[in-house]
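To keep things clear, I will list the structure first and then write my remarks on it.
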Amino acid sequence: MLLPDDRVLALETSCDDTCAAVVSGDGRILASVVSSQGIHAEYLGVVPELASRAHLDLLDPAIHQALDASSTRIEDLAAIAVTRGPGLIGCLLVGLATAKALAYGLGRPFVGVNHIEGHLRAIQGVRRFDPPFVALVASGGHTELLHAETWGSYRLLGATRDDAAGEAFDKVAKLLGLGFPGGPMIDRLSSEGNPRAFEFPRAWLGLDQGGLELSFSGLKTAVRQTVESRAPSDGAARDQFVRDVAASFQAAVVDVLVAKTAKACEQTGSKRILLAGGVACNRALRAGMAALAERIGGEAAWPPPALCADNAAMIGLAALPRLARGESDPLDLSAIANLDDLGWGK
């Protein structure tokens, strides 16, 4: 039985951020450490093998930093939580092996967490926002619309057929020479550009018939063709071109995500919207979801930026209900890379 003052160490290593956090049994975030791996910037994308190796170097210091920041002795931990999937398999294995070793050595319960459910639970780090609601989880690796009927019971409504939204942001940023990660740069430059400068396509995929699937590959191709054929060579004209492309691309993504979320609300009868994942940091997307919620007489919510991007605090928050019920996982629990194999709520 988990008590309110008990402390849980949580680990998150599903991609390129090495994360450790300490949360209390009553849901307070006592410490959250995110060690970003700068090694991927020169490749303009995450290199899985390098990410796995970096986790080996960064995870132990992150754990010690989280324990120190929360004034927690390792022997005082009540349980260990860790992401088991989805994610890059080598990266997942580093976190999972570390969590198992700590649980075994300390004789504490151990819980493997679904990374996507972690993103949903992140909102609980700052406020109460309980199901039922429609959730859009948008990040570099995922873009899914789902209906949360209760915590732990999720129905997938639609997902991307190709690129995730965050992946599309990163690839367009690469085309524009903006570096990696690209999402924050496009968000910033879009405020200085004209979102109607270029008529980039929107992949509606049968929206008028209720289709909730998503696609961003065609949009990405249209941006590439525009950059290759119309980009000025240098100077102020080039700078404004980049701003306008960024703004027009972002508007195309946001238009589709908001429209699909609106259709999901219509189909489920929900007027409450949760925006989660790294792309939830995007200001235009937040504004679009807030306007949608106002239009339908509902409510939209999202975590602060630190809890939108990958972090271990959300993993700890997702583990708390299971630990409170006295549940735990065996030490032979496997890492699962694909969400389809992992399933929802597992």
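The values are calculated or read from the model by the stated rules, or taken from the named source; none is laboratory data. Since the structure is predicted, the reported quantities are computational estimates derived from the model, not experimental observations. Here the Cβ is made from the backbone with ideal geometry for all residues, glycine too, and neighbour counts use every protein chain on show. In case anyone asks, the SASA skips ligands and DNA or RNA and just uses the protein heavy atoms, side chains included. Shrake-Rupley method; radii C 1.70, N 1.55, O 1.52, S 1.80 Å.
Here 114, 194 are screened, and the one residue that is farther than 27 Å from residue 333 by Cα and not basic (Lys, Arg) is 194. When residue 32 is tested against the conditions (1) over 16 Å from residue 20 (Cα atoms); (2) surrounded by 19 or more Cβ atoms within 10 Å (Cβ to Cβ), the lone failure is (1). Output the number of residues of the range 295-307 satisfying the condition of being under 21 Å from residue 147 (Cβ atoms) and open to solvent by 10 Å² or more (accessible area, probe 1.4 Å). Within the range 295-307, residues that are under 21 Å from residue 147 (Cβ atoms) and open to solvent by 10 Å² or more (accessible area, probe 1.4 Å) number 7.
If the condition is being touching a residue at least 40 places away in the same chain (Cβ under 8 Å) and of a type in the set (A, V, I, L, M), then the range 242-273 contributes 242, 245, 246, 247, 251, 252, 253, 256, 257, 259, 264, 273.
Considering 280, 247, 264, 251, which residue is surrounded by 20 or more Cβ atoms within 10 Å (Cβ to Cβ), touching a Pro at 6+ places or on another chain (Cβ under 8 Å), aliphatic (A, V, I, L, M) and closer than 28 Å to residue 150 by Cβ? Result of the check over 280, 247, 264, 251: 280. Regarding the range 313-329, can at least one residue be identified that is open to solvent by less than 60 Å² (accessible area, probe 1.4 Å), assigned to a loop (DSSP other than H, G, I, E, B), within 21 Å of residue 13 (Cβ to Cβ) and in contact with a Leu (Cβ under 6 Å, 6 or more places away or on another chain)? No, every residue in the range 313-329 fails to be open to solvent by less than 60 Å² (accessible area, probe 1.4 Å), assigned to a loop (DSSP other than H, G, I, E, B), within 21 Å of residue 13 (Cβ to Cβ) and in contact with a Leu (Cβ under 6 Å, 6 or more places away or on another chain). Considering (1) open to solvent by 20 Å² or more (accessible area, probe 1.4 Å); (2) over 14 Å from the mean Cα position of the chain (by Cα), the lone condition that residue 339 does not fulfil carries the number (2).
Every condition in (1) touching a strand residue (DSSP E or B) at 6+ places or on another chain (Cβ under 8 Å); (2) surrounded by fewer than 20 Cβ atoms within 10 Å (Cβ to Cβ); (3) small (Gly, Ala, Ser) is met by residue 166 except one, and the failing one is (2). Residues that are open to solvent by 20 Å² or more (accessible area, probe 1.4 Å) and under 20 Å from residue 327 (Cα atoms) within the range 3-24 comprise 3, 4, 5, 6, 7, listed in sequence order.
Inspect all residues belonging to the range 125-132 and state whether any of them is in contact (Cβ under 8 Å) with a residue 24 or more places away in the chain and closer than 29 Å to residue 46 by Cα.
Of the range 125-132, the ones in contact (Cβ under 8 Å) with a residue 24 or more places away in the chain are 125-127, 129, 132.
Next, from what is left, pick out any that are closer than 29 Å to residue 46 by Cα: 125.
Looking through the range 125-132, at least one residue is in contact (Cβ under 8 Å) with a residue 24 or more places away in the chain and closer than 29 Å to residue 46 by Cα.
Look at residue 70 and say whether it is among the polar types (S, T, N, Q) and within 20 Å of the chain's Cα centre (by Cα).
On the way: among the polar types (S, T, N, Q): yes; within 20 Å of the chain's Cα centre (by Cα): no.
Spelling it out, it is not the case that residue 70 is among the polar types (S, T, N, Q) and within 20 Å of the chain's Cα centre (by Cα).
Within the option set 158, 179, being part of a loop (DSSP other than H, G, I, E, B) and open to solvent by less than 40 Å² (accessible area, probe 1.4 Å) holds for one residue only, 179. Of all the criteria given as (1) open to solvent by 20 Å² or more (accessible area, probe 1.4 Å); (2) over 20 Å from residue 261 (Cα atoms), the one not satisfied by residue 215 is (2).
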